[in-house]
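Structure first, then comments.
The values are calculated or read from the model by the stated rules, or taken from the named source; none is laboratory data. Keep in mind it's a predicted model, so treat the numbers as computed, not measured. Reconstructed Cβ throughout: ideal geometry from the backbone, glycine too, with neighbour counts over all protein chains shown. To get the accessible areas, we keep the full protein, side chains included, count just its heavy atoms, and leave off ligands, DNA and RNA. Shrake-Rupley method; radii C 1.70, N 1.55, O 1.52, S 1.80 Å.
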Amino acid sequence: MSRSAPGAPELSIVVPFFNEVGTIEELHRRLTSVLFLIGLPSEIIYVDDGSTDGTAEALTAIADRDPHVRLMPLARNYGQTAALAAGFDVAAGRVIVALDGDLQHEPEEIPTLLAKLDEGYDIVSGWREQRVDNLWTRRLPSRIANWLMAKLSGVSLHDFGTTFKAYRAPVIKRIRLYGDLHRFIPALASWGGARIAEVPIANIPRPQNQSHYGLSRIWRVAADLITVRFLLRYVTRPLHFFGPVGFSSVAAGVAGGGWVLATKIVTGAPVFLAHGPLLLLSAVLVQTGIVLIGLGLLAELLTRIYMDGRHRRIYTVARQEPRALQEWSSPRPVTVPLRPGVLQ
C-alpha cells in the first residue's frame, strides 16, 4: 500500500452495529490486536444503527478511552446499507475494510484481505466457503442469489452477500448506496472497471445465535437483482430497455388490429361481435407500447440532464503510475550522405 500524508490513517475499519452489545468488547479487543500487528496508521469507525440494547453506551465508552475510534451514532435504524455508507463517507484511509459487528467475521483475517488487495485489486471480498447457517433459510437462498448475481453482473464471485470486504477508498467512495445495495457493491463497482477478487474466510456461528435477517429478505434481494441488472446494462441508455418492449407491443397491437380489419373486409362479419376481445387487446397493446416508448425517451432525457448537469463521465480512467515530465529538445539535424554525382 502506498503511504498517506503524515498524520492521516492509511487503513480505515468500518463496523456497523445494531443491537450487538454482547460482542462489542471482544470485537474491539481482537480488532485492536490485529491492527497493532499490521502496523499501519489506522482508524476504527463504529456506526451505531439506532441500537436499543445498550450498544450506544458501550461504543461511547470505547470511543472515550481509545483515540483511534470514531463513533457515528445514527438517528434511527436505517439498515445495514445506510450504516455502511455513513462509515464509508467519513473514512479517511486509502484502504477501507468493512466487517459485521456480530463476530461472525474474524478480525484476524484482515491481513489476508489486505495482502490480496496489494496484488493490484480494487476490491477483495470474503468468501464464506464453508457455510454454517441453516440450509433452507440461509444457505440455499444465498447460493441461488449468488449464482443469479454472478450471471447478471458478469462478476465471478461466490459470495456477494458478506460484508467482510476490503476496498480502495476511491473505488468505494464513487458508489452511491441506497436500499439494500451493499450486497452488490462488487457488481456496481465492476461498471467502473474495478478489479475484484475474493479470498476464503471462516464462517463461524454468531455468538448471540441470532440473525437480523430471515426468509423475508428474499423478495428484497430479488428486487435488488432487477435494479442492479438495470443499472449495469441500461443506466446510460434506458431507451434500449424500454424501446424493444414498447415496439414489440405496438407491433403486436397493429398486427392484431390489421387481422381484424382484414377479416371484416373479406367476410363482412361484425367486428365487435366476432372479434371484440381481440380488437380491445390490440388497442391496449398499441397504447402500452406508446407509453413504454415515451417512458424510454423521458428516461433518456433525464439521463442526459443528470450526466450533463453534474459533468459526470460515462467512463473510469484506470490507475496510472505518475511519470516525470521531460523537457522537449530541438531535434538534431539529420545528415544524409549523397551518392557521388547526384548533386554537383
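Some values worked out for this structure:
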quantity	calculated
With DNA, RNA and ligands ignored, accessible area of SER12 (1.4 Å probe; Å², nearest 10)	0
Inter-label distance, nm, simple model (7 Å from Cα along the C-beta direction), ASP89/ILE38	2.3
Under the Karplus curve 6.51 cos²θ - 1.76 cosθ + 1.60, θ = phi - 60°, whole-Hz ³J(HN,Hα) for region 250-259, x wherever Gly or Pro sits	5, 4, 5, x, 5, 5, x, x, x, 5
At R0 = 51 Å, FRET efficiency that the Cβ-Cβ distance of ALA202 and ALA283 yields, to 0.05	0.25
Set of lysines near LYS165 by C-alpha distance (under 21 Å), chain-local residues within fewer than 8 positions excluded	LYS116, LYS151, LYS173
Equivalent ellipsoid dimensions for region 74-174 as semi-axes, Å, which come from the Cα gyration tensor, largest first	23, 18, 15
Spin-label model distance (nm) - HIS240 vs ARG220, 7 Å beyond Cα toward Cβ	3.1
Protection proxy ranking of 13-25, 287-299, 255-267, 37-49 - average other beta-carbon atoms within 10 Å, highest first	13-25, 37-49, 287-299, 255-267
Approximate spin-label separation GLU119-LEU273, in nm, with each point projected 7 Å along Cα-to-Cβ	7.7
